[in-house]
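**Q** The structure that follows is given in the form of structure tokens.
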Amino acid sequence: MKLVLLGTAGGPRPSVHRAAPAQAVVHRDQVHVVDCGNGTARQLAAAGLPLDRLAGIYITHHHADHMLDVGALPLLAWTDGMTEPIGIHGPTGITASVGHFVEMVRIELEARTRTTGRASFPSLLRCHDLGGPGPVHESDGLRVTATLVDHPPFDVALAYRFDGDGRSIVVSGDTRYSPRLAELAAGADVLVHEAIYEEALFEQLRGARAATLREHLVGCHTTAQDAGRLAKEAGVRTLVLSHLVPHHPTVTEEMWRDAAASQFDGEIVVGRDLLEI
């Protein structure tokens, strides 16, 4: 089982430096994607991961940078030859979101199905609304478990743990410091945790709404220092910092790493797009 960071930016604004949030967990040649920001299919192609091997999508919460392509990704996989059903898991409302997307592209689906002989696209979708913690998926030696994390204003925001073939990978989603996440990540090989760099955030946010946005970001996200603290409490082997805010080169890899290392003495990886772990 391996992890590929498809997009390591945070927030919906497109960036020339990093792609939108998404991770691929590859297990026995099947591709499971956690979060689907804009352009996830292209990032899979850039990583050399075949779209027709897409087996599961796991959405952490309903912010656009995490779920904008939840319908587009499986559609593009279908056009690329996907024939097996795909599980789409996410907070309550994900089934309705996918249903609305299918209706939006109904004319496309009818035309392409008629001219290619492919199986009906909607018939391959297996949507699951998750309202709380617990098991999400288990097959072929892979087990996926979810827990609730703290990301206001959402009542349901999720983190996911993947266990398979003697390896464990946890993806935090968006969250402020969360003891429940530490429990989910206990003893994991890899923890992918979102991070903000508070000092640089204050320097870069200016304008009429800057104070409100700063208050929101600090109140529902985790500093790199606290990501390190949580990694230490969970006893993980490797901490991967991703969903980096601000994702600007003025905050260097050394700055991110030093902040986390103030609390965690294990391996620290500052995420970058298409990095394989």
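**Q** So the check is Cβ under 6 Å with 6+ separation or different chains; which pairs have a first residue in region 67-94 that's among the aromatic types (Phe, Trp, Tyr) and a second one that's modelled with pLDDT of 95 or more?
**A** 78/121
**Q** Related question: Within region 121-130, count every residue that is touching a residue at least 40 places away in the same chain (Cβ under 8 Å), within 18 Å of the chain's Cα centre (by Cα) and surrounded by fewer than 16 Cβ atoms within 10 Å (Cβ to Cβ).
**A** 1
**Q** Just checking, how many residues over region 71-89 are in contact with an Asp or Glu (Cβ under 7 Å, 6 or more places away or on another chain) and either of a type in the set (Gly, Ala, Ser) or part of a strand (DSSP E or B) (or both)? Lay out the reasoning, then the answer.
**A** Pass one, region 71-89, residues in contact with an Asp or Glu (Cβ under 7 Å, 6 or more places away or on another chain): 77, 80-82.
Next, only the ones that are either of a type in the set (Gly, Ala, Ser) or part of a strand (DSSP E or B) (or both) stay: 77, 81.
Of the residues in that region, 2 qualify.
**Q** Another question, if that's okay. Checking residue 180 against (1) open to solvent by 50 Å² or more (accessible area, probe 1.4 Å); (2) out of contact with any Asp or Glu (no Cβ under 9 Å at 6 or more places or on another chain); (3) not small (Gly, Ala, Ser), only one condition comes out false. Which one?
**A** All conditions are met except number (2).
**Q** Can you pull out the residues in region 44-70 that are part of a loop (DSSP other than H, G, I, E, B) and among the aliphatic types (A, V, I, L, M)?
**A** Keep residues of region 44-70 that are part of a loop (DSSP other than H, G, I, E, B), which gives 47-50, 59-63, 68-70.
Correct list: 47, 49, 59, 68, 70.
**Q** Looking only at residues that are in a helix (DSSP H, G or I) and closer than 22 Å to residue 154 by Cα in region 90-104, which one is most open to solvent (accessible area, probe 1.4 Å)?
**A** Residues of region 90-104 that are in a helix (DSSP H, G or I), as a first pass: 94-104.
From what's left, closer than 22 Å to residue 154 by Cα: 94-101.
Numbers: 94: 0, 95: 59, 96: 52, 97: 36, 98: 5, 99: 39, 100: 134, 101: 39 Å².
Step by step, filter region 90-104, then rank; the result is 100.
**Q** Of the residues 55, 47, 41, which is in contact with a helix residue (DSSP H, G or I) (Cβ under 9 Å, 6 or more places away or on another chain), modelled with pLDDT of 95 or more and either open to solvent by 20 Å² or more (accessible area, probe 1.4 Å) or of a type outside the set (D, E, K, R) (or both)?
**A** Details: 55 fails: in contact with a helix residue (DSSP H, G or I) (Cβ under 9 Å, 6 or more places away or on another chain); 47 fails: in contact with a helix residue (DSSP H, G or I) (Cβ under 9 Å, 6 or more places away or on another chain).
Answer to the selection: 41.
**Q** For residue 107, state whether it is of a type in the set (A, V, I, L, M) and open to solvent by 20 Å² or more (accessible area, probe 1.4 Å).
**A** Yes; evaluated as a whole, the condition is true for this residue.
The values are calculated or read from the model by the stated rules, or taken from the named source; none is laboratory data. Predicted model only: the values in this text are computed from it and were never measured. Note that we place each Cβ from the backbone using ideal geometry, even for glycine, and neighbour counts take in every protein chain shown. Note: accessible area is taken over every heavy atom of the protein model, side chains too, but ligands, DNA and RNA are not part of it. Shrake-Rupley method; radii C 1.70, N 1.55, O 1.52, S 1.80 Å.
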